[in-house]
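Colleague: Submitted below is the structure of interest, expressed as structure tokens.
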Amino acid sequence: MPTLKETYDVLSEQGLLGTEIPDNITNNLNHLFELREYQLEAIRRFIYNYEKDKRRIKPTQLLFHMATGSGKTLLMAANILYLYEKGYRNFLFFVNSTNIIEKTKDNFLNLLSSKYLFNEHIKFGEKEVFISPVENFEGANPDAINIHFTTIQGLHCFMNTPRENSMTYEDFKDKKIVIISDEAHHINAWTKNKLGKEEKLAKTTWEHTVNNIFNSNLGNIMLEYTATVDLSHPAIRDKYDSKIIYDYSLKQFRLDGYSKEVKVMEADLKPIERTLQSVILSQYRRKIAEKHKKFIKPVILLKSRTIDESTTIEDEFKKKIKSLKISDISKIKNNVEQKSILNTAFNYFEENDITLENLVSEIKEEFHENKCLSVNSKSESEKKQLLVNSLEDKDNEIRVVFAVGMLNEGWDVLNLFDIVRLYDTRDAKAGKPGKTTIAEAQLIGRGARYFPFTITDEQERFKRKYDEEPNNELKILEELYYHSAHNPRYIQELTTALVESGIMPPEKREIHLKVKDGFKKSDFWSNGLIFINEKKKSDRTKIKDISDLDIDKLYKIGLRTGYVRDSTIFNGEKKKDVEEKRSKIFKLNDFGIQIMRKSLTRLDFYKFNNLKKYFPKSKSISKFIEALKDVQVEVTTSITKLDSLNCDDKLEICTEVLKKLQSNIESGYTEYVGTILFKASKIKDLVEDKIINIAVNDTSDKEIGIGMSETLKLDLRLDLKNKDWYVYEENYGTSEEKYFVRFINDAIDKLQKRYSDIYLLRNQKIFQLYRFSDGNSLEPDFVLFLKEKKTKQILYYQVFIEPKGSHLLEKDDWKQQFLTNIEGNYQIEILAENTKYKIIGLPFYNEDLKTNFIGAFNEKLELKA
């Protein structure tokens, strides 16, 4: 029987989960935190489970098994908003340790926190809803989101040794409760040990306490969130097979580009010297960020084994920084390898006239003892948790954190770039990583959260940008360095643990992509052009009201009839049918200005300062209302009601229409567009030799990173060095890309009959195209250049082609729609009267479904089938 996750995977693949997320979720979350696709997927699964899954067990228990750093807390907030709309008011939120409680409260309750999860005003319709922390649910506000924050230990204690004003089992009997468990793997003590244990022992566990609360009401819902549930344990797997609704692994998180890249730097140096290396690297990173006008304050974590050791290194570090000399820096500089990142840092300092004397002064200032923070014990970490939680804030100057184990869970920090391991022990057995090494790998996973930034408008803020540009200086802002003593056996064990966790690929390969010498001697290299469009700000300066937008002006509203009747079952009595319904079309201004104004005031979207964003030329609310005269509504209700609409009816109709109009306005709004003008660039100015880093054996497609001349799959093997039409010497792409290159190889004789100057270029981060409608960027994998032979005018073809795996066909369909929409919509600059250029985008190439591609390929290039 399939697990719950497997069932929902199929529903998702078949597009049955739906795509719309309720406005009450998106409008009430902090707009600074954009929901990512995997978070939207998790929300869709939860909504489907609640609304449509007929097999849903009540009370309902679900687990979201999601990677460290993937934004589980934002997902919790979204689920809370959804369940509030469904009538839930009381939420029991528990975590494993007290040091996480204050951070969690800050995220949920403190409007001034940079990590506050909700919109400033949480509104459901006209009603503003407040989040209220409570000690218990007796007398809780029935209109508020009431949250009791506690630890699992505290909850267990209160429930089993009741005291005044604390929670008791009685509190839960007549109330529907949502139980939210963060780091949920901690509540499985009973499940892990129940095999062979007596029942009376099981009743002493935290898990038993939670289950008692959960089972006290059929309407209860328990939502668990963790990255580390132990599914290798038979009892745990058996428990969660029917409860894991979504699994988003750390490996997938990394593959999707949302994490830093993890690097390990080992050095045969004293701990204080390795710490100083991390300081130099951290300062270099800050310099790179400042050069590109980005505020990034890199933080270092100095990790000790015991509190005594941490206290010692803290004292030593502060003394070293205070007395730092040029000779200390010179010693490190003189011993770095030429290819190391530290050598890159020192070269940068020299090239930018930052002397070692300058560097020493900067380090003394930047790493002064008042910019260091110790969180070594529970008392310290509780007191300083809010400071640790705000390390990314501009007014937080902390650069170094000293810790033992207090930050192993619940630490949400994006600007941690260096972790220094200050001890040199191993706990592996039979070559397998021990508990300490696994915990260190998990800590690295926490630190690998990506610090969001962009350099250009085209870049995605929350994703890595320089994976294939190892020599780009900005790559240092996408890397986490783990500094360790020189201990090859430990490094191997740590690497194994990191690969198993998913935060590190099993193998990285540095590849030199070389442009063929023969191509560089061709006329096309010297004179050839490529045409690409640009992204620009959408011109909304002339938009004053809805008459300037291409949106629906007719909306349909069903109005309740108000019909009521009673009847006696089984007495055979016949009564008249419900009154017939009719529809009638009204204009909004038929309801009067007062009704329209009142409807507008109900919805924050129509506040004038917000409307100006969408209608920059709008002069006033009155002028905007005047333009609504063209909006029509088809009202369906009983004939009687249709002929006698009262003020409340009209207000309801008008408000519902304005909500639908709002959705249309928002969906039609775009800040950018892609230009229809494609501008020419010289091929030789864009195409060059490259060094790229590719993860090998990291995905289900084992072809990535393997050259076509070396692949073991005979149907993909091809020696491209001897193919004059392929620009680079080799292709290291996916299996679909290799199949496409083989397709061109098989079609080359047919192409050569009609065309000359045939060249296939792999787009290795060379250019982007921008969708006309909203400026969304894409990088077509290939562009095929052709020159027609038998024409009076010189005619060049430029054909954009994207091979696509079957699992991505639906997700990336917008790219295919844009590519096939280029022809007939583009414009180019006229460069020479006797030369013409034709730009074409083809449907996706898919080896298993290539009939459509082949048809378009032959038709557009006028080839005989």
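The values are calculated or read from the model by the stated rules, or taken from the named source; none is laboratory data. Since this is a predicted model, take the numbers as computed values, not measurements. Neighbour counts run over all protein chains shown; Cβ positions are idealised from the backbone, glycine included. Please note that ligands, DNA and RNA were not included when accessible areas were found on the heavy atoms of the full protein model with its side chains. Shrake-Rupley method; radii C 1.70, N 1.55, O 1.52, S 1.80 Å.
Colleague: I'm checking my understanding of the structure. Among residues of segment 65-84 that are modelled with pLDDT of 95 or more and not aliphatic (A, V, I, L, M), which one is farthest from the chain's Cα centre (by Cα)?
Modeller: TYR84
Colleague: I've got another one for you. Just to be sure I understand, how many residues within segment 239-276 are in a strand (DSSP E or B) and over 14 Å from the mean Cα position of the chain (by Cα)?
Modeller: Looking only at segment 239-276, we keep the residues that are in a strand (DSSP E or B), and these are 244-248, 259, 261-267.
From what is left, the residues that are over 14 Å from the mean Cα position of the chain (by Cα) are 244-247, 261-267.
Of the residues in that region, 11 qualify.
Colleague: Please go through (1) open to solvent by less than 50 Å² (accessible area, probe 1.4 Å); (2) out of contact with any helix residue (DSSP H, G or I) (no Cβ under 7 Å at 6 or more places or on another chain); (3) of a type in the set (Lys, Arg) for LYS239 and return the number of the only condition it doesn't satisfy.
Modeller: Unmet condition: (2).
Colleague: Right, next: Can you tell me which residues in segment 673-694 are outside any strand (DSSP E or B) and either of a type in the set (Phe, Trp, Tyr) or open to solvent by 30 Å² or more (accessible area, probe 1.4 Å) (or both)? Working first, answer last.
Modeller: Step one: of segment 673-694, the residues outside any strand (DSSP E or B) are 675-676, 683-689.
Answer for segment 673-694, where residues must be outside any strand (DSSP E or B) and either of a type in the set (Phe, Trp, Tyr) or open to solvent by 30 Å² or more (accessible area, probe 1.4 Å) (or both): ILE676, LYS684, ASP685, LEU686, GLU688, ASP689.
Colleague: State the number of residues belonging to segment 111-158 that are touching a strand residue (DSSP E or B) at 6+ places or on another chain (Cβ under 8 Å) and part of a loop (DSSP other than H, G, I, E, B).
Modeller: 12
Colleague: Oh, and also: Please verify whether segment 513-531 includes one or more residues that are of a type in the set (D, E, K, R), under 30 Å from ILE828 (Cβ atoms) and not in a loop (DSSP other than H, G, I, E, B).
Modeller: Of all residues in segment 513-531, those of a type in the set (D, E, K, R) come to 514, 516-517, 520-521, 523.
Of the ones still in play, those that are also under 30 Å from ILE828 (Cβ atoms) are 516, 520-521, 523.
Then keep just the ones that are not in a loop (DSSP other than H, G, I, E, B); that gives 520, 523.
Yes; the residues of segment 513-531 include at least one that is of a type in the set (D, E, K, R), under 30 Å from ILE828 (Cβ atoms) and not in a loop (DSSP other than H, G, I, E, B).
Colleague: While we're looking at this one, here's another question. Hey, GLN338 hits all of (1) open to solvent by 30 Å² or more (accessible area, probe 1.4 Å); (2) within 17 Å of PHE317 (Cβ to Cβ) but one; which does it fall short on?
Modeller: The one condition GLN338 does not meet is (2).
Colleague: Same structure, new question: Condition first: at pLDDT below 90 and open to solvent by 30 Å² or more (accessible area, probe 1.4 Å). Can you find one or more residues in segment 509-516 that meet it?
Modeller: Yes: segment 509-516 contains one or more residues that are at pLDDT below 90 and open to solvent by 30 Å² or more (accessible area, probe 1.4 Å).
Colleague: Looking at segment 841-862, which of its residues are under 32 Å from the mean Cα position of the chain (by Cα) and either touching a residue at least 12 places away in the same chain (Cβ under 8 Å) or open to solvent by 30 Å² or more (accessible area, probe 1.4 Å) (or both)? Break it down into steps so the answer makes sense when it comes.
Modeller: Initial filter on segment 841-862 (under 32 Å from the mean Cα position of the chain (by Cα)): 841-850, 853.
GLY841, LEU842, PRO843, PHE844, TYR845, ASN846, GLU847, ASP848, LEU849, LYS850, listed by residue number.
Colleague: Could you list, in sequence order, the residues of segment 590-648 that are of a type in the set (Gly, Ala, Ser) and in contact with a strand residue (DSSP E or B) (Cβ under 9 Å, 6 or more places away or on another chain)?
Modeller: Restricting attention to segment 590-648, the residues satisfying the condition of being of a type in the set (Gly, Ala, Ser) are 592, 599, 618, 620, 622, 627, 638, 644.
If the condition is that a residue be of a type in the set (Gly, Ala, Ser) and in contact with a strand residue (DSSP E or B) (Cβ under 9 Å, 6 or more places away or on another chain), then SER638 is the only one that fits.
Colleague: In segment 277-329, what residues are open to solvent by 50 Å² or more (accessible area, probe 1.4 Å) and in a loop (DSSP other than H, G, I, E, B)?
Modeller: From segment 277-329, those open to solvent by 50 Å² or more (accessible area, probe 1.4 Å) are 290-295, 305-309, 311-312, 315-316, 318-320, 322-323, 325-327; that's our starting set.
Scanning segment 277-329 gives HIS292, LYS293, LYS294, PHE295, ARG305, THR306, SER323, LYS325.
Colleague: Can you list residue pairs whose Cβ atoms sit under 6 Å apart, with the first residue in segment 18-29 being under 22 Å from PHE130 (Cα atoms) and touching a residue at least 24 places away in the same chain (Cβ under 8 Å) and the second being of a type outside the set (Gly, Ala, Ser) and assigned to a loop (DSSP other than H, G, I, E, B)? Count only pairs 6 or more apart in sequence or on different chains.
Modeller: ASN28/ASN119
Colleague: Any residue in segment 731-749 that is over 12 Å from ASP715 (Cα atoms) sitting within a Cβ distance under 8 Å of a residue that is assigned to a helix (DSSP H, G or I) and aromatic (Phe, Trp, Tyr)? List the pairs, counting only those 6 or more apart or interchain.
Modeller: Within 8 Å, the pairs are ALA747/PHE857.
Colleague: May I ask you to list pairs of residues, at least six apart or on different chains, whose Cβ atoms are under 8 Å apart, with the first in segment 51-74 being open to solvent by 50 Å² or more (accessible area, probe 1.4 Å) and the second being not in a helix (DSSP H, G or I)?
Modeller: Hits for this filter: ILE57/SER242; LYS58/LEU218; LYS58/GLY219.
Colleague: From the set of residues in segment 831-840 that are part of a loop (DSSP other than H, G, I, E, B) and touching a residue at least 40 places away in the same chain (Cβ under 8 Å), which is surrounded by the most Cβ atoms within 10 Å (Cβ to Cβ)? Don't jump to the end; show me each part of the working.
Modeller: Keep residues of segment 831-840 that are part of a loop (DSSP other than H, G, I, E, B), which gives 831-834.
Retained after the next criterion (residues that are touching a residue at least 40 places away in the same chain (Cβ under 8 Å)): 831, 834.
Details: LEU831: 11, ASN834: 7.
The qualifying residue surrounded by the most Cβ atoms within 10 Å (Cβ to Cβ) is LEU831.
Colleague: Then there's this: Please tell me if GLY18 is assigned to a loop (DSSP other than H, G, I, E, B), touching a Phe, Trp or Tyr at 6+ places or on another chain (Cβ under 9 Å), surrounded by fewer than 18 Cβ atoms within 10 Å (Cβ to Cβ) and on the phi > 0 side of the Ramachandran plot.
Modeller: Working: assigned to a loop (DSSP other than H, G, I, E, B): yes; touching a Phe, Trp or Tyr at 6+ places or on another chain (Cβ under 9 Å): yes; surrounded by fewer than 18 Cβ atoms within 10 Å (Cβ to Cβ): yes; on the phi > 0 side of the Ramachandran plot: yes.
In short, yes.
Colleague: So which residues in segment 466-499 are outside any loop (DSSP other than H, G, I, E, B), of a type in the set (S, T, N, Q) and open to solvent by 20 Å² or more (accessible area, probe 1.4 Å)? First the steps, then the outcome.
Modeller: Initially, segment 466-499 is screened for residues outside any loop (DSSP other than H, G, I, E, B), giving 473-485, 488-499.
Add one more test, that the residue is of a type in the set (S, T, N, Q), and what stays is 484, 492, 495-496.
Across segment 466-499, the qualifying residues are GLN492, THR495, THR496.
Colleague: Follow-up question, since we're still on this one. Given (1) under 18 Å from THR734 (Cβ atoms); (2) part of a strand (DSSP E or B); (3) open to solvent by 20 Å² or more (accessible area, probe 1.4 Å), identify the lone condition not met by ILE766.
Modeller: ILE766 satisfies all of (1) under 18 Å from THR734 (Cβ atoms); (2) part of a strand (DSSP E or B); (3) open to solvent by 20 Å² or more (accessible area, probe 1.4 Å) except (2).
Colleague: Look through segment 739-792, keep the residues that are more than 19 Å from TYR466 (Cα to Cα) and β-branched (Val, Ile, Thr), and return whichever of them is modelled with the lowest pLDDT.
Modeller: Per the stated criteria, the residue is THR791.
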